[in-house]
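Below: one structure, written as structure tokens.
Each reported figure results from applying straightforward, stated rules to the coordinates on display, with no laboratory input. As the structure is a computational prediction, the values presented were derived from the model and not from experiment. Cβ coordinates were reconstructed from backbone atoms using ideal geometry, including for glycine residues, and neighbour counts include every protein chain displayed.
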Amino acid sequence: MNKIVKYVLIALLILGALWAAMFFIKSNSKSAITYETQTPFISSIEKKTVATGKVIPEDEVEIKPQITGIIEKIYLEEGATVKAGDLIAKIKIVPNEQSLNSARGRVRNAELSLNNTKIEYDRNKTLFDKGVISSQDFNALQLRYEQGQQELSNARADYQIIRKGSAGGSSSANTNIRATVAGTVLQIPVEEGDQVIQANNFNAGTTIAFIADLGKMIFEGKVDEGEVGKLELGTPLKISLGALEGEELNAKLKFIAPKGVEETGAVQFKIEGDVEVKEGIFIRAGYSANASIVLEKKDSILVIPEALLQFDKKTNDPYVEVSVGAESDQKFERKDIEVGISDGVNIEIVSGLTEEDKVKEWNKTEPIKKGEEEGEDGEEETTEDE
């Protein structure tokens with residue numbers, strides 16, 4: 001009986017040891033990671049940059065008055081389409097009292113002087129006709145008489161300009177503000193009753209209206225100094241407007257600023273491009289826009305996804321791992337490569353790879369088997385690549 005018990009205990013110990021060993025092996029074993037591969041392929045790459053800015057009219061004209069006064073009437077509203085010569089507003093002249101009185105005095109003095117000269121002229125003309133005075137004396141007197149007439153005319157014209165705004169007695173020439181170009185009225189920054197002044201040596205004058213042709217638009221934006229050196233005049237631009245979703249306009253680069261402006265620690269250069277306005281699309285001045293610019297483009301080149309690249313920790317040189325032998329063997333060797341341009345997704349392979357090479361995909365994780373228990377912290381166990 002003791003022998004039987006002894007054998008049973010030995011059998012139980014052996015079974016327990018085998019179960020413990022199997023449990024330990026199972027709980028600590030991890031399935032091998034299978035890496036997928038990709039092959040290089042022929043494609044085209046465009047290296048682009050985006051310039052932010054706005055779309056504005058190519059030419060914007062300011063309409064200013066020719067005389068100082070008060071806005072009596074405004075005939076148009078913002079957004080109206082005008083032709084050259086269309087009436088925009090009318091100015092009421094408010095003359096300076098001192099200048100008006102002085103001009104009136106000059107007119108009176110000129111009249112008195114002319115009257116006196118006329119009396120002397122008439123008397124001497126009679127004497128000249130009788131041959132009493134010489135021709136030379138009469139001609140000098142006639143010159144004084146004609147100069148007096150001209151002086152009176154000038155004094156009266158100055159008086160009318162100060163009083164009514166026009167030498168002809170009608171103020172329409174200067175008080176009627178008309179469009180000088182055809183286009184759209186963008187803005188009328190004055191209101192009826194506002195006082196306006198004409199341009200002079202000390203003041204730019206009051207702007208009555210802004211007029212521009214919205215059919216001729218340009219893109220105005222800025223690019224970083226690191227990219228401006230790669231731009232060339234005539235480079236095509238793709239303009240996307242924030243206000244018009246889905247619409248893309250073509251443009252050509254026509255100006256690159258020779259001097260940059262520092263903004264938030266970076267030097268920015270102003271650029272301009274002629275925009276081709278599509279028929280049926282109305283673009284308002286000042287729309288925010290982005291211009292996509294192709295800095296470099298290569299066609300029919302060998303590329304791989306940029307995510308396949310790794311970089312040496314010491315030299316920072318790029319490399320990939322290429323499958324060696326059968327793909328099922330999961331054996332890879334390092335290959336140093338030379339790369340070219342990138343568009344952020346694919347990158348050019350200058351040397352080091354061929355279309356037949358199978359490049360290892362990185363950052364693979366071990367799939368979790370169905371029914372596998374979670375770790376003690378509740379997170380699924382994963383195995384990262386080397």
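Could you list the square roots of 5 times each eigenvalue of the Cα gyration tensor of region 282-361, that is, the equivalent ellipsoid semi-axes, sorted largest first and rounded to whole Å? Working shown, then result.
Working: eigenvalues 273, 38, 30 Å².
Value: 37, 14, 12 Å, ordered largest first.
Within region 67-106, report the GluC sites (Glu not before Pro) that DSSP leaves as loop and that have at most 10 other Cβ atoms within 10 Å.
Numbers: sites: Glu72, Glu77, Glu78, Glu97; in loops: Glu77, Glu78.
Here the sparse-neighbourhood loop sites are Glu77.
Just want to confirm a number: the relative contact order over the chain, from Cα pairs under 8 angstrom separated by 6+ residues, in percent. Spell out each step's value before the answer.
On the way: 716 pairs, mean separation 93.6, N = 386.
Relative contact order of the chain: 24 percent.
Which order results if Phe255, Phe202, Phe138, Phe219 are arranged by neighbouring Cβ count within 10 Å, fewest first?
Values: Phe255 13, Phe202 5, Phe138 17, Phe219 26.
Fewest-to-most Cβ neighbours within 10 Å comes out as Phe202, Phe255, Phe138, Phe219.
Between the helical axis of 2-28 and the dominant principal axis of the chain, each derived from Cα atoms, what acute angle in degrees is found, rounded to the nearest 10?
20
Taking the chain as the reference, fit the longest principal axis to its C-alpha atoms, fit the long axis of helix 135-164 to the helix C-alpha atoms, and give the angle between the two in degrees, 0 to 90, nearest 10.
40
Only one of the values (1) 2.15; (2) 1.08; (3) 1.00 was calculated from this structure for Cα Rg over 2.2 N^0.38 Å; name its label.
The listed entry that was calculated here is (1).
What ranking of Ile45, Ile211 emerges when the number of other C-beta atoms within 10 Å of each C-beta is taken as an exposure proxy, fewest first?
On the way: Ile45 19, Ile211 28.
Placing the least packed residue first, the sequence is Ile45, Ile211.
With a Cα-only, solvent-free Debye model of region 97-164, what are the log10 I(q)/I(0) values at q = 0.27, 0.29 Å⁻¹?
Debye curve over Cα of region 97-164, log10 I(q)/I(0) at q = 0.27, 0.29 Å⁻¹: -1.05, -1.13.
Mind telling me which of Thr184, Thr37, Thr207 comes out most flexible in a GNM of the chain, alpha-carbon contacts under 10 Å?
The residue that fluctuates most here is Thr37.
Calculate, axis by axis, the spread of Cα positions in region 206-312 along the three principal axes, and write the results as whole Å, longest axis first.
Cα extents, longest axis first: 66, 35, 23 Å.
Could you tally the net charge around Ala155, taking each other residue with its Cβ under 12 Å from the Cβ of Ala155, Lys/Arg +1 and Asp/Glu -1? Numbers along the way, then the final one.
Details: positive: Arg104, Arg106, Arg108, Arg156; negative: Glu111, Glu151, Asp158.
It works out to a net charge of +1.
Describe numerically, in nm with one decimal, the distance between label points set 7 Å from Cα along Cα→Cβ at Asn203 and at Glu191.
Each label point is offset 7 Å from its Cα along the Cβ direction, giving 2.0 nm.
Pairs Lys54/Lys259; Lys48/Lys314; Lys335/Lys360; Lys278/Lys298: which exceed 22 Å Cα-Cα? Could you put the intermediate results ahead of the total?
Numbers: Lys54/Lys259 20 Å; Lys48/Lys314 30 Å; Lys335/Lys360 11 Å; Lys278/Lys298 29 Å.
With Cα atoms farther than 22 Å apart: Lys48/Lys314; Lys278/Lys298.
Can you sort Leu253, Leu13 so the residue with the fewest Cβ neighbours within 10 Å comes first? Walk me through the numbers on the way to the answer.
On the way: Leu253 20, Leu13 10.
Starting with the residue having the fewest Cβ neighbours, the order is Leu13, Leu253.
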